[in-house]
Amino acid sequence: MIRKCMFPVGGYGTRFLPATKALPKEMLPVVNKPLVQYGVEEAIEAGLNEIGFVTGRGKRAIADHFDISYELEHQISGSNKEEFLKSIRYVMDEGIFSFTRQKEMKGLGHAILCGETLIGNEPFGVILADDLCVPEDGMENVLAQMVKVFNQFRCSIVAVMEVPEDEIHKYGVIDGEEMKDGLYRVKSMVEKPAKEDAPSNLAVIGRYILTPDIFDILRNTPPGKNNEIQLTDALMTQAQDGVVMAYRLKGKRFDCGSVEGFVEATNYCFENLYKKGLLT
C-alpha cells in the first residue's frame, strides 16, 4: 500500500516573474485555490495522506497554507466566510505534512533525492504541482489511476500523454512497448529531445509512482542535461535493469508552469468546476 507522496516545490518559478519574486509559484491561485492544494487533494483522494514537501528558500507560504491561522479563523468565526476554508480544513485534517529543503537547484532528480528522509524504504508518489490534472467525468483522479497500475505491476510508473511535435522538446519522452491500451513497458527515455530525435510523441508529465531503489540510482546518476541530476536518467536505469511502466492518463492536464497553461487552467476550472459548484 502506498502511503506517501512527495512534492518537489523548491523551484524559483522564473516564468512567472515578477509575481513569483516573493510568492512561491505553487501558491498561485487557480480560481480560489492555490496550485499546490489541488495536488495535495489529489494525493489524499488517492489514499496517499503522508505528504512530504521538498522546499527551498522563500517557500514558507506553503507550510503556512497547510497550518492553522488563528488570527484569520478568529476574525471570521461564526460568519458565512468560514465556508471558504472548508476545503483547506479538510486537507489539514486528512493529511500529515513534513518538510525538508533542497539547498541547491540541481534538477528534479536531485530534489527527489533530497526528500529521501521523508520517504524511507517504501514506494511513493510524486506530484509536480504546476501540472494540474483534472480527471474525466466519473473517473478517479490521475494519481489514483496510477496506484491501480502500481498494485498490479509493483514497479515505477510514469504518467504520459500525447503532445504535438512542436512541444516535444519541453518534455521527457518515452519509447515503449504497448502492453494494452494506454499502458506501455518503457524501453528508453530521452530528456527534452529535438523533435527529430524523439522516439515517440508520448511525453512524461508531473505524476510518478517510484519504488525506493530510485534513491540509490539517483545517488549514482551523473549530471545530465543542463548539468542537472535528471530523474529521466535514473528511470532509464530502472527500465534497463528491471521494469518501468508508462500510463497514458485519462483526463485533462494543464501546464501551469507556463502563463498560457495557467490561464487555460483558470478558465477551464472557472467554467467547468467553480460555476457548477464543484470547486470549493
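Only the coordinates and a few stated rules stand behind these numbers; no lab work does. Quantities reported herein were computed from a predicted structural model and do not represent experimental measurements. Neighbour counts are summed over all protein chains in view; Cβ atoms, including those assigned to glycine, are modelled from backbone coordinates with ideal geometry.
Tilt of helix 142-153 relative to the longest C-alpha principal axis of the chain, in degrees (0 to 90, nearest 10)?
That works out to roughly 40 degrees.
Can you tell me the dipole magnitude for the stretch 4-274 around its Cα centre, using point charges on the Cβ only (Lys, Arg +1; Asp, Glu -1), in Debye to the nearest 20?
Magnitude of the dipole: close to 580 debye.
Quick one: net charge of residue 172's neighbours, Cβ under 12 Å, K/R +1, D/E -1?
Result for the local shell: 0.
Please report the antiparallel percentage of DSSP beta bridges with both residues in the chain, rounded to the nearest 5.
Details: 29 of 48 bridges.
The antiparallel fraction comes to roughly 60 percent.
With each pseudo-label sitting 7 Å past Cα toward Cβ, what's the residue 250-residue 180 distance in nm, one decimal?
Between residue 250 and residue 180, the simple spin-label model gives 1.1 nm.
So, counting K/R as plus one and D/E as minus one, what does the shell of residues with Cβ under 13 Å around residue 129 add up to?
-1
Report the residues of the stretch 129-143 in range of a label on residue 259: point 7 Å along Cα→C-beta, backbone N strictly under 20 Å from it.
So the set is 130-132.
Treating the angle as unsigned and between 0 and 90°, give the value, to the nearest 10°, between the Cα long axis of helix 231-241 and the longest Cα principal axis of the chain.
The two axes meet at around 50 degrees.
For the stretch 60-110 and the stretch 127-144, what is the separation of their Cα centres, given in Å?
What the calculation gives is 20 Å, centre to centre.
Among 253-260, 131-138, how do they line up from the highest to the lowest mean number of other beta-carbon atoms within 10 Å? If you can, show how the numbers build up before the last one.
Details: 253-260: 18.4, 131-138: 16.5.
Answer by packing, highest mean first, reads 253-260, 131-138.
Would you calculate the convex hull of the Cα atoms in the stretch 52-145 and tell me its volume per residue in Å³?
147
Please name whichever of 145, 52, 132 sits farthest to the positive end of the charge dipole of the stretch 4-274, dipole taken about the Cα centre and charges placed at Cβ: Lys and Arg +1, Asp and Glu -1.
Most positive-ward Cα: 52.
Between helix 259-269 and the chain, what is the angle of the helix's C-alpha long axis to the longest principal axis, kept within 0 to 90° and rounded to the nearest 10?
Between helix and principal axis, roughly 60 degrees.
Working from the alpha-carbon coordinates of the chain, get Rg over Rh, Rh being the Kirkwood radius.
Expressed as Rg/Rh, it is 0.96.
Lys and Arg at +1, Asp and Glu at -1: add these up for the other residues within a Cβ distance under 14 Å of residue 221 and post the number.
Here the count lands on -4.
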